[in-house]
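We did not get these values from a lab; they are worked out from the coordinates using the rules stated. Everything numeric here is computed off the predicted structure, so don't read it as measured data. All Cβ positions, glycine included, derive from the backbone under ideal geometry; neighbour counts span all protein chains shown.
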């Protein structure tokens, strides 16, 4: 690392490089293509960017393109790289969908050294001839397997067909797939593989917890957790419809939440993320799209509202906490069958700990004393002050359902003339 980058590195508060950073630096600095695989939260962004930035010349035109899977990830990456880009006297521009394309075209006229882009918007700008790519030296595919899965190899191939050759290419992520190697082969990209991944249980200081809960009680659990000052959590859903339903229930219960899903425009999503990052809200509801690469400082808990479909999805969800080897916990909600299915999905390397919710706190100690229905909807024994009774839970859910029914009725009657 040259003196300028080393100074910026120290000023940013970094000390020792992570394994993926140290093992890929010389390879990328030498101009080689690399497949870099590392656990989530281990500094892959700086691993693939700093050695290439070091070889670039300021104000020499576009030399590096970084492709990402979402607008949120693009802006997050821009913020992470800005101290280093600025120190080198360079400039960067973000180009993503669902934002003003004319404004992005104006920014591109300044001939930035680095562009961070989503595939669709980059393709649009390339087709319009709005990006000068002649000096381009390198392209990075961040979360390469997700980019190929979400966009398809054909769409990504159309982007590559516009780019000059030869080209240094970096494929980075916490997981990979056959599609990545097939794409590299089709484009005659010879790469060196650097794999610093270990088994999930060994990669992070993260606890993997399971709380037995029926569907209705899951919402009560979220409400109880959000009331704890120490809780700062991200809740993942398989389906957008379920997320929207839970968001309405939380609103009925006056529980503030931030929402990250495709229905919101870019400004709304950025505002939601900002409110969450600033701890104005301690509960963020998101679909799996947000699991890829999103970096939230000091996130205490990831909650799986439902079981992810694959081990890969679980890895990317859980990777939002315990980043850079900090403490974290992943809490999955479900019934006995869900617990067995999840354990089977994760294998023997990850031991799920069964926990209970007592006074809003997660504990492995089973509540004792008289029988009652806890907020989980499971039969247990109540310790003093161990939570809501089933009657209170039932009443809260009934009130929420009434409000939802009222909203539906109002939407149906909207615009109809009043009788009488």
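With N residues in the range 267-320, what two-decimal value do you get for its Cα radius of gyration over 2.2 N^0.38 Å?
Here the answer is 1.14, to two decimals.
Can you tell me how much longer the chain between residue 271 and residue 238 gets when fully stretched, taken as 0.36 nm per residue apart minus their C-alpha distance, in nm with one decimal?
Length gained between residue 271 and residue 238: 9.6 nm.
Counting residues in the range 7-195 as N, plug N into 2.2 N^0.38 Å and put the Cα Rg over that result.
0.95
Neighbour counts of other C-beta atoms within 10 Å: give me 124, 365 arranged from fewest to most.
If I rank by nearby Cβ atoms, fewest first, I get 365, 124.
Would you mind ranking 236, 276 so that the residue whose beta carbon has the fewest other beta carbons within 10 Å leads the list?
Exposure proxy ranking, most exposed first: 276, 236.
Going from the alpha-carbon gyration tensor of the range 103-230, what semi-axes, largest first and in whole Å, does one get by taking the root of 5 times each eigenvalue?
39, 22, 15
Using 0.36 nm per residue, how much length does the chain from residue 179 to residue 167 gain when fully extended, once their Cα-Cα distance is taken away?
Once the chain is fully extended between residue 179 and residue 167, it gains 2.4 nm.
What ranking do 32-38, 19-25, 305-311 get when scored by the average of other Cβ atoms within 10 Å per residue, highest first?
Top to bottom by mean Cβ count within 10 Å: 32-38, 19-25, 305-311.
I need 188, 248 ordered by Cβ neighbour count within 10 Å, fewest first.
188, 248
Given a Förster distance of 25 Å, report the FRET efficiency between residue 157 and residue 134 from their Cβ-Cβ distance, rounded to the nearest 0.05.
About 0.75, to the nearest 0.05.
Take each of the peptides 140-151, 212-223, average the number of other beta-carbon atoms within 10 Å over its residues, and list them starting from the highest.
With the highest mean Cβ count within 10 Å placed first, the list reads 140-151, 212-223.
Grab the Cα-Cα distance for residue 26 and residue 105, subtract it from 0.36 nm times how many residues apart they are, and report the gain in nm with one decimal.
That pair, residue 26 and residue 105, stretches by 25.0 nm at full extension.
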